[in-house]
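K.L.:
Below is one structure. I have some questions about it.
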Amino acid sequence: MHTQKRETMLTFRPSRVALALASVVAAAGLAAAPTSAATETWWQAAGATWTQAEIPDGSGTTLHADILRPTDLPAGAKTPVILSIGPYFNHSGQLGPYGDIPGEDAPYTPTGTNAPSNRFQDFIDGTNLFRQGYSYVMVDLPGYGGSTGCQDWAGPVEQGAVKTAVQWAASQPWSTGHVGMYGKSYDAMTGVMGEAVQPKGLDAIVAQEPVYDSYDYLYTNGVRFENSVGTPALYDGIAFTPGQTSDSAQYNVNSVNPVSDPTCSFTYWADQAADNNHESPYWKQRDLAAEAAGHKIPFFLTQGFLENNTKPDPIAWQFFNSLKGPKHAWFGMWDHIRGNDVTEGDDKAPEPWFDEVMAFYNHYVKGEPFSDPNADTNKYPAVAVETSDGTWRAEQQWPPLDSTGYTTKLTPGIYTDGFNAADSEDADPNDTTGQGVWTISPPLPHPAHFSGIPSTTLEVTSEVADSDLSVDVYEIDAKDSALLLSRYAYLLPKGESKFSMQLYGNDWLIPAGDRIGVLVTSANDGWWSPTPTETPVTVDSGTITLPFLRYERSARDNLVGYKTPTRLGQWLSGNGSITLAASTITAATDPSFALPPAERPAPAGFNSGAYGVGLPVSHPSRRRTARNRR
């Protein structure tokens, strides 16, 4: 997904629709222009030839595909296929009038040269994909790029398109019948769709920072995220955008929703904006994690603990842990970036990402045997986890096997459901911070490793319906600086209510002498877009269960060569903190706060399955410098 808190809040401008439609009219009589033989294109330099295809899905929609095949193989040579499907592969750019153009407010200005999307050129160059014997296919979801039809936010239409696209790629005469999926953000969510719908021929999925449940990207227990209106409008804008002026007339007619389906875009926006009920039939159809539970297609996942876009929602871990096939993951201190990035679009950390991805594909898609399945030093970990000091370690699973919950009673009290409640300085600096009902621990007598998913149960009384509530967990240092570790929100009914919820997961080292603080307050407006009632909310009672590791993780267990994302330094330097008054800490300290005991050395054989996925170290691949990507 693309709408981000603070960094990139994109809004829909109707004037851009007129620009896009005008471009369709201008392009309607133009045929696709051939690539100049005098200039080597990026895909030719990577060792590929480009063709296009139309894929009927059986329901009246035609999907458009860009196909890149190895130049050094005969035209009919069979290869395994890596496929990406999503909204970002339009020939005129990933974000239509919103992106890939200098200046956020620039109009749609096509270059005139039609070409396949270079969205994942970093992946193609970084893996030397074509010279490793793979084909790469990019498919436009319905309503985007050169595909007809209507987008439906990961609903039945898009899930059906994923199934059609994969099975088409597997059935081509130049395909071995084995397909892997690759993507980040929306085209990683289509990977989750692939796991859910189980198309024939799909052998492995690599999904970086996906959405697992469409509802949880726009709402949290009824509370709107600040992008709940803007993001659907953004994707309408992407769908409105035609291709290049040199694309075929049919491509450009297909690419603009108002031409192919005049009611589509408004319906797409209204269905989401009008429905904050997770239990409604609309959202149940888009709960991909529930659909995929128990499925066995090998899955390689990345998820950032500090994500401000596709968040570290509890559903992320529920989804991953529910899978029954081979699985592999990177979990760590980043936001909305690719495995080869340290900040969005920089491609500064290609190793070991691309080697690890290709080891995954080479075994599960190409069918190469593991070189030495009994040598742990030759394998990548089942789960690679980065914690708050920037070190990485191997785990058999996450939350880790020894993650243990410690339950504390929360202090009763009253807060006002008001505007401008902030949980960190990452939000608007003019917001109020730290106001609400606090429960704070004494200083920790020893270091602790916070690792897992907190949960809370609350009994609350709201004077009116639709008051906002959020629960925030902090580490508080000796200087009274409170660093945000976890959060979640809930929209309250009128009167008394009792409910339980899990919070965002995290993996954080807390030094001796620091405290743990829990704040119950109005919904944090740095993440959510609440409509406060300006009425009191009474926290009658409640508990919180916080996860800590029982066993030490030795420096000998650290993984070498993994990245340190920029987001971690930003968070530690103040973006994730607020400063509390000393009097607040004194008044809220609860001597009975449940703290974990000191960590003990791990018993022999503990976490022995950390390398159980058995990914071999692949040979280093030749790489070119890749351009920035979203």
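What follows is calculated from the coordinates using simple rules that are stated; it is not laboratory data. Source: prediction; values computed, not measured. Here Cβ is always computed from backbone atoms with ideal geometry, including for glycine, and neighbour counts include all displayed protein chains.
K.L.:
Pairs LYS184/LYS324; LYS284/LYS494; LYS296/LYS348: which exceed 29 Å Cα-Cα?
P.N.:
LYS296/LYS348
K.L.:
For region 170-278, what is the convex hull (Cα atoms) projected area averaged across all directions, in square nanometres?
P.N.:
Averaged projected hull area, Cα only: 9.1 nm².
K.L.:
I've got another one for you. Region 192-259: which chymotrypsin sites (Phe, Trp or Tyr not before Pro) are DSSP loop and have at most 15 other beta-carbon atoms within 10 angstrom?
P.N.:
In loop regions of region 192-259 (DSSP not H, G, I, E or B), there are no sparsely surrounded chymotrypsin sites (Phe, Trp or Tyr not before Pro).
K.L.:
Sticking with this structure for a sec: Could you tally the net charge around GLY517, taking each other residue with its Cβ under 15 Å from the Cβ of GLY517, Lys/Arg +1 and Asp/Glu -1?
P.N.:
That works out to -3.
K.L.:
First obtain the Kirkwood hydrodynamic radius of region 429-559 from its Cα pairs, then insert it into the Stokes-Einstein equation at 20 °C and 1.002 mPa s, and state the resulting D in µm² per second as a whole number.
P.N.:
Once the numbers are plugged in, D ends up at 134 µm²/s.
K.L.:
Quick one: net charge of ASP557's neighbours, Cβ under 11 Å, K/R +1, D/E -1?
P.N.:
In short, +1.
K.L.:
Between GLN285 and ARG556, what is 0.36 nm times their sequence separation minus the Cα-Cα distance? Round to one decimal in nm.
P.N.:
Full extension of this stretch gives 93.0 nm more.
K.L.:
Test of understanding: express the Cα radius of gyration of region 161-231 as a ratio to 2.2 N^0.38 Å, with N the residue count.
P.N.:
Output field value: 1.34.
K.L.:
By how many nm would the segment from LYS409 to ALA270 grow when fully extended, if each residue of separation counts as 0.36 nm and the alpha-carbon distance is taken off?
P.N.:
Here the segment from LYS409 to ALA270 would lengthen by 45.9 nm.
K.L.:
Specify whether the C-alpha gyration tensor of region 279-333 places it in the rounded, prolate or oblate class, a ≥ b ≥ c being the square roots of the eigenvalues: rounded for a/c under 1.5, otherwise prolate if a/b is larger than b/c and oblate if not.
P.N.:
Oblate, since a/c reaches 1.5 and b/c is not below a/b.
K.L.:
Filter the chymotrypsin sites (Phe, Trp or Tyr not before Pro) in region 120-198 down to the DSSP loop ones having no more than 10 other Cβ atoms within 10 Å, then list what survives.
P.N.:
Hits after loop and neighbour filter: nothing returned.
K.L.:
Wrap a convex hull around the Cα atoms of region 14-347, take a quarter of its surface area, and give that in square nanometres.
P.N.:
Across all orientations, region 14-347 yields a mean hull projection of 16.1 nm².
K.L.:
With the convex hull built on the Cα atoms of region 122-194, state its orientation-averaged projected area in nm².
P.N.:
Hull-based average projected area comes out at 5.3 nm².
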